[in-house]
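Chemist: Just dropping this structure here.
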Amino acid sequence: MNMKANIQSEQVSTTIAKLEDIAKLADYSLMDTLNCDPDATANGDDHEPRQVFSGHYVPVTPTPIANPEYVTHSKDFFRELGFNDAMAESTDFMAMFSGDISHLPQPMRKVGWATGYALSIYGTEYIQQCPFRTGNGYGDGRAVSVLEAVINNQRWEMQLKGGGRTPYCRGGDGRAVLRSSIREFLAQEHMHALGVPTSRSLSLYVSKTEKVRRPWYSQGSHAQDPDTSLVEPVAISTRVAPSFIRVGQLELFGRRARSNQHPNAMQELEKIVQHGIDREYSKVIDNSLSMPEKIVLLAQEFRNRLTSLVANWVRVGFCQGNFNSDNCALGGYTLDYGPFGFVDAFHPFFQSWTGGGQHFAFLNQGEAAQRNFDMFCTAVRPLLAQHQDFAQQLTEIQISFSKAMQTKMETMWAAKLGLNIYDPMLFSELESLMVQTPVDYTIFFRELSSLPHDIGSLEKSFYKGVNGSAQSNHSANPEALKKAWSAWFVKWNSLIELESVASGHSREQVSKQMKLVNPKYSLREWFVAPAYQQASEGNYTLVKELQDVMTQPYAEQTQVQQDKYYKLKPLAFFDVGGLSHYSCSS
Ligand SMILES: Nc1ncnc2c1ncn2[C@@H]1O[C@H](COP(=O)(O)OP(=O)(O)OP(=O)(O)O)[C@@H](O)[C@H]1O
Ligand SMILES: [Mg+2]
């Protein structure tokens with residue numbers, strides 16, 4: 001498990017100072033192995049919803065936002081790429097990443113691309129989301145990729161989110177508002193700093209003049225669904241990843257191959273699978289193997305990454321919120337920061353997106369991942385039709401997903417508790433206590449990481465005046481609850497002592513390790529809301545402050561930062577729309 005935080009980003013000299021320098025690194029060789037939609041226009045002027053029947057991508061030009069203004073960029077990621085910070089505010093870089101790619105230096109291309117994908121929700125195939133009810137109009141509706149480049153031996157794809165309408169826009173405006181773009185921008189870099197695999201944030205620009213209307217909550221509203229609408233500035237954030245291939249994308253081609261929808265369907269499926277391997281697994285899957293062998297290895301490795309990913313999500317208190325197959329990256333990293341939320345008061349069914357339902361809730365994410373993995377297996381299976389032995393191996397990998405998931409979860413829970421061995425009773429008692437009290441997930445585990453000698457300091461994480469679980473048997477009886485906590489603490493403490501003696505690790509060493517597993521800071525929604533509100537008035541101070549604090553989530557940080565960001569959620573923010581729950585209108 002990738003528990004060690006990327007606290008120190010790789011030190012690379014920042015030699016890339018101009019767009020021309022980036023252009024030299026452009027390399028579309030993998031994109032060019034894919035099939036282009038034969039009905040597409042080569043110049044990318046393709047902004048009306050339409051069905052795309054075949055091909056892996058559609059050439060499309062992004063629509064620039066009007067009068068772009070610099071909001072922020074990721075200094076950490078710039079450093080990793082070797083990009084000079086000043087470039088983020090330079091005219092040509094800003095033009096490109098606010099959607100104008102008409103003047104790019106060669107060999108960069110003046111046309112971007114969008115991809116189609118299919119959707120499965122919790123293991124059920126859907127086509128209704130597509131306006132044509134065929135599934136041929138569903139895909140990147142507002143995400144436009146603008147570059148494939150090899151930088152420091154790593155291949156990256158750069159994608160504008162909110163980059164305008166594509167054939168997959170389904171009647172939408174192709175835009176993202178500043179609010180959702182700030183959330184996504186901050187969350188991606190926070191997750192990276194937490195040591196959780198994720199797409200990265202490059203840059204964020206807002207339009208000074210272009211605005212769109214979105215449903216949202218009035219100040220302090222307790223409504224479930226938005227009770228008003230806001231006119232909000234549009235923005236383009238650029239996200240970067242080795243690829244943006246989703247399980248849903250394999251599914252689209254798997255479904256077409258399964259039903260023989262066109263003569264190239266099987267070949268297109270094979271190509272996208274090979275492409276996924278080239279982009280995401282080339283270091284672990286030998287290219288000289290046969291396709292069936294590669295598919296089995298891909299399944300094995302994807303399962304490994306996906307189960308680690310979910311264990312990491314739970315470790316840091318992250319709920320993706322809408323873990324459909326179209327939000328499940330084949331590379332095994334976090335994708336689509338729309339409906340996400342970080343747990344405040346612990347509950348296994350924590351879920352801040354109102355459209356998500358319990359199946360995507362916090363501790364149900366392993367099962368949701370399994371459904372997505374099932375869809376992945378279904379998608380690639382037509383390629384094994386003539387290879388029963390490999391098909392059988394795939395089935396075995398599929399069947400043992402839940403066991404693999406459970407093992408990762410147990411290892412993660414043990415690590416959060418500072419133990420090497422998972423104790424099911426200890427954990428289930430804790431889970432029940434955390435619900436009944438309830439406790440703040442981040443603060444509880446961080447305080448525990450100091451290895452206190454009694455439960456006193458843990459009480460700092462207790463929410464008083466917030467109702468515990470309805471199923472709780474102690475919630476009406478604070479004395480019984482206190483006793484149960486003490487008993488649990490004694491048990492945990494004795495296990496720590498026992499293991500410490502057995503392993504020869506001092507309490508200090510154990511504590512230090514726990515503090516690399518249990519972050520001190522998490523991107524709570526009520527930290528983000530004031531930042532995007534302030535930003536909508538043109539002031540980006542809070543956005544930048546959050547960037548600083550949340551990219552060092554394991555560090556203690558200053559007293560001022562602790563007072564501001566290491567604290568319980570105020571009671572007044574519980575059940576408030578936009579702070580505790582939200583619809584996915586972005
Ligand atoms: N304003 C919009 N205009 C056009 N298409 C949109 C818009 N909002 C969402 N979509 C499309 O609707 C689909 C499902 O919405 P979802 O909320 O997952 O979008 P998203 O946040 O843009 O997605 P992602 O981060 O996964 O690319 C996606 O394919 C997305 O591209
Ligand atoms: Mg999505």
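Chemist: Restricting the search to the range 297-333, which residues are hydroxyl-bearing (S, T, Y), within 15 Å of ligand 1 (Cβ to nearest atom) and surrounded by 24 or more Cβ atoms within 10 Å (Cβ to Cβ)?
Modeler: Within the range 297-333, S325 is the sole residue that qualifies.
Chemist: Additional query: Considering only the range 368-377, I want to know if a residue exists there that is among the polar types (S, T, N, Q), in a helix (DSSP H, G or I) and within 16 Å of ligand 2 (Cβ to nearest atom).
Modeler: Yes: the range 368-377 contains one or more residues that are among the polar types (S, T, N, Q), in a helix (DSSP H, G or I) and within 16 Å of ligand 2 (Cβ to nearest atom).
Chemist: Quick one: which helices (runs of 4 or more DSSP H) lie wholly within the range 437-540 and hold at least 1 residues that are under 30 Å from A235 (Cβ atoms)?
Modeler: 441-448, 525-535
Chemist: Could you check the range 532-542 and list, in sequence order, the residues that are surrounded by fewer than 22 Cβ atoms within 10 Å (Cβ to Cβ) and hydrophobic (A, V, I, L, M, F, W, C)?
Modeler: Matches in the range 532-542: L542 only.
Chemist: With the condition kept exactly as written, say whether any residue in the range 135-147 is touching a residue at least 40 places away in the same chain (Cβ under 8 Å), away from ligand 2 (no atom under 16 Å from the Cβ), under 30 Å from S74 (Cα atoms) and not basic (K, R).
Modeler: yes
Chemist: All but one of (1) touching a residue at least 12 places away in the same chain (Cβ under 8 Å); (2) farther than 22 Å from R446 by Cα; (3) in a helix (DSSP H, G or I) hold for D575; state the number of the condition that does not hold.
Modeler: For D575, the exception is condition (3).
Chemist: A further question on this structure: Could you count how many residues in the range 215-246 are more than 19 Å from E89 (Cβ to Cβ) and either more than 16 Å from ligand 2 (Cβ to nearest atom) or without any contact (Cβ under 8 Å) to a residue 12 or more places away in the chain (or both)?
Modeler: 20
Chemist: If you don't mind, there's one more thing I want to ask. Confirm whether R155 is within 16 Å of ligand 2 (Cβ to nearest atom) and of a type in the set (D, E, K, R).
Modeler: Criteria not met by R155.
Chemist: Quick check: anything in the range 377-385 within 16 Å of ligand 1 (Cβ to nearest atom) and farther than 30 Å from E429 by Cα?
Modeler: no
Chemist: How about the range 294-334: which of its residues are more than 17 Å from V380 (Cα to Cα), not aromatic (F, W, Y) and not in a helix (DSSP H, G or I)?
Modeler: Scanning the range 294-334 gives G317, C319, Q320, G321, N322, N324, T334.
Chemist: Can you name the residue in the range 121-130 that is surrounded by 16 or more Cβ atoms within 10 Å (Cβ to Cβ) and not in a strand (DSSP E or B) and, of all such residues, is farthest from the chain's Cα centre (by Cα)?
Modeler: It comes out as C130.
Chemist: A follow-up question, please. Taking the range 494-509, which residues are within 16 Å of L430 (Cβ to Cβ) and either of a type in the set (V, I, T) or free of Cβ contacts under 8 Å to residues at least 12 places away in the same chain (or both)?
Modeler: S494, I496, listed by residue number.
Chemist: Tell me which residues, restricted to the range 335-350, are within 16 Å of ligand 2 (Cβ to nearest atom) and touching a residue at least 24 places away in the same chain (Cβ under 8 Å).
Modeler: L335, Y337, G338, P339, F340, G341
Chemist: Which is among the β-branched types (V, I, T) and closer than 23 Å to R200 by Cα, of I121, I151, I127?
Modeler: Exactly one residue qualifies, and that residue is I151.
Chemist: I've got another one for you. Would you pick out the residues in the range 276-323 that are over 23 Å from the mean Cα position of the chain (by Cα) and free of Cβ contacts under 8 Å to residues at least 12 places away in the same chain?
Modeler: Passing the criteria: D286, N287, S288, L289, S290.
Chemist: Among the listed residues S282, S237, S259, S288, which satisfies the condition of being in the same structural domain as V144 (by TED's automatic domain parsing) and either surrounded by 19 or more Cβ atoms within 10 Å (Cβ to Cβ) or modelled with pLDDT of 95 or more (or both)?
Modeler: S237 is the lone residue from the list that is in the same structural domain as V144 (by TED's automatic domain parsing) and either surrounded by 19 or more Cβ atoms within 10 Å (Cβ to Cβ) or modelled with pLDDT of 95 or more (or both).
Chemist: Check the range 99-116 and report whether any residue there is surrounded by fewer than 19 Cβ atoms within 10 Å (Cβ to Cβ), touching a helix residue (DSSP H, G or I) at 6+ places or on another chain (Cβ under 6 Å) and more than 16 Å from R246 (Cα to Cα).
Modeler: Yes, the range 99-116 has at least one match.
Chemist: Conditions: (1) within 16 Å of ligand 2 (Cβ to nearest atom); (2) in contact with a helix residue (DSSP H, G or I) (Cβ under 9 Å, 6 or more places away or on another chain). G356 meets all but one. Number of the miss?
Modeler: So the condition that G356 fails would be (2).
Chemist: Just give me the residues in the range 129-177 being under 27 Å from Q106 (Cα atoms), away from ligand 1 (no atom under 11 Å from the Cβ) and among the β-branched types (V, I, T), in sequence order.
Modeler: V146, V150, I151
Chemist: Next question. What are the pairs with Cβ atoms under 8 angstrom where one residue, in the range 156-182, is modelled with pLDDT of 95 or more and among the aromatic types (F, W, Y) and the other, located anywhere, is part of a loop (DSSP other than H, G, I, E, B) and within 16 Å of ligand 2 (Cβ to nearest atom)? Sequence gap at least six, or different chains.
Modeler: That search, which allows pairs on different chains as well, returns Y168/G137; Y168/Y138; Y168/D140; Y168/G141.
The values are calculated or read from the model by the stated rules, or taken from the named source; none is laboratory data. What you see is a predicted model; the values in this text were computed from it and never measured. Neighbour counts are summed over all protein chains in view; Cβ atoms, including those assigned to glycine, are modelled from backbone coordinates with ideal geometry.
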